[in-house]
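What follows is a set of notes on a single structure, which appears directly below.
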Amino acid sequence: MAEHGFALVGLGAISTLWIDAIAKVRSAKLRVVCDIDANRAREVAQEHGCHYVTDHRAIATCPDVDVVAVTTWSGLHAPIGVDCARGGKHIITTKPIDVRLEAIDDLIRTCDENGVRLAALHQSRSLPAYRDAKRAIEEGRLGRLYMGNAYCKWFRPQAYYDSAAWRGTYDLDGGGCLMNQGIHYIDALIWFMGDVAAVSGWADTLARDIEVEDCAVASLRFTSGALGTIQGGTCIYGGHPARVEVHGERGNIAIEGDEIVLWEVEGEETIRRLSTAEAGAGDPVLGFAHALDAHVEQIGDLLHAIEEGRDPRLNGREARRAVELILAIYRSGRIGQVVPLPLTGYSDPRGC
């Protein structure tokens, strides 16, 4: 495979994981880093032997860059991606792909019009536990699915939100415990269970001094007829490992963190064990370590998609689904009604 030059836009805490992942992809080479903090950009560029810029629009004309990774504040993912896609660059964003459907659709459309590939990174889809569960579901080993649940009950202190002006804001964070933390497991839930037909939910701010929610619940009806629940929080004392469950006519699977803790499928060996997966529940930085291989795999899939002329497995339209569901939960809580999907004429994270 030919070498692909990368630019990384946004040098916050998650950027170190992306830099490490790019370095581990054989055909990828980090050539440019970008941040509005010139000192930070300069330091990272010197450390990794690449160039730096402070305006992402300069990347659009960099001849040795063909892939742009966007790891900025969530509400800027799509606008930055649009500018770079117009310069012929392929785009991959960290989660969520953006926080407004109109912005996501603009990014998808711009990438299509300019003949470039668009991917987003949802690390759970590359973890062995989730892939094993997905395979069992696709092969029909659980039979008809009856229920799917996603729980992300973590702890983030007020200091976490106070550490950066964008945290806990609608414009740049897009939401709280659902859009920022819970989206990993909401994405996994709909990957397992399929599209959602309607949702009824509540999202509120109970403990933190922030615009967005720190506690949320939702009930779902999937298009298959199955039912489901979502619970999210960043105010849960001590924090607990995230959990995704799938229940079908011939089996049950539960994953905590990145481990299978229950595998109870008809005709197969039953597994029941306590989870040791605490990463991310109480400290966002601790959650990075287990994600490196997943980032390497999904970045690699984008490069294979470019070479093979296909869409990445987690392309823009696929990444849009989790954002739409979260926005529907916000909407339902604001109006006090069941909200059908797909959403029409609405995508404001404020739910109004």
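The values are calculated or read from the model by the stated rules, or taken from the named source; none is laboratory data. The model shown is predicted, which means the values in this text are computed figures rather than measured ones. Every residue, glycine among them, receives a Cβ derived from its backbone with ideal geometry; neighbour counts consider all protein chains shown.
For the range 39-94, please list each of the strands (runs of 3 or more DSSP E) lying entirely inside it that holds at least 2 residues being more than 29 Å from residue 175 (Cα to Cα).
The qualifying strands (runs of 3 or more DSSP E) are 51-53.
Can you find a residue in the range 304-323 that is surrounded by 21 or more Cβ atoms within 10 Å (Cβ to Cβ), modelled with pLDDT under 90 and under 18 Å from the mean Cα position of the chain (by Cα)?
Among the residues of the range 304-323, not one is surrounded by 21 or more Cβ atoms within 10 Å (Cβ to Cβ), modelled with pLDDT under 90 and under 18 Å from the mean Cα position of the chain (by Cα), which makes the answer no.
Of everything in the range 14-35, what is within 23 Å of the chain's Cα centre (by Cα) and farther than 14 Å from residue 94 by Cα? Give them in sequence order.
Those that are within 23 Å of the chain's Cα centre (by Cα) and farther than 14 Å from residue 94 by Cα: 20, 23, 24, 25, 28, 30, 33, 34, 35.
Pairs under 6 Å by beta carbon, first residue farther than 17 Å from residue 211 by Cα in the range 321-342, partner acidic (Asp, Glu) and buried (at least 22 other Cβ atoms within 10 Å of the Cβ), six or more apart or different chains?
The qualifying pairs are 322/187.
Using the structure shown, decide if residue 2 is loosely packed, with under 15 Cβ neighbours inside 10 Å, aliphatic (A, V, I, L, M) and more than 30 Å from residue 331 (Cβ to Cβ).
So residue 2 passes the test.
Give all pairs with beta carbons closer than 6 Å in which a residue from the range 55-67 that is closer than 19 Å to residue 302 by Cα meets a residue that is assigned to a helix (DSSP H, G or I) and of a type in the set (Val, Ile, Thr); count only pairs at least 6 apart in sequence or on separate chains.
65/59
Here's the yes/no breakdown for (1) in a helix (DSSP H, G or I); (2) assigned by TED's automatic domain parsing to the domain that holds residue 325; (3) closer than 30 Å to residue 62 by Cα:
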position	(1), (2), (3)
98	no, no, yes
104	yes, no, yes
111	yes, no, yes
148	no, yes, no
152	no, yes, no
166	no, yes, yes
180	yes, yes, no
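When the range 113-124 is examined, which residues are found to be in a helix (DSSP H, G or I) and either among the β-branched types (Val, Ile, Thr) or more than 13 Å from residue 299 (Cβ to Cβ) (or both)?
Quick first cut of the range 113-124, residues in a helix (DSSP H, G or I) only: 113, 123-124.
Result: 113, 124.
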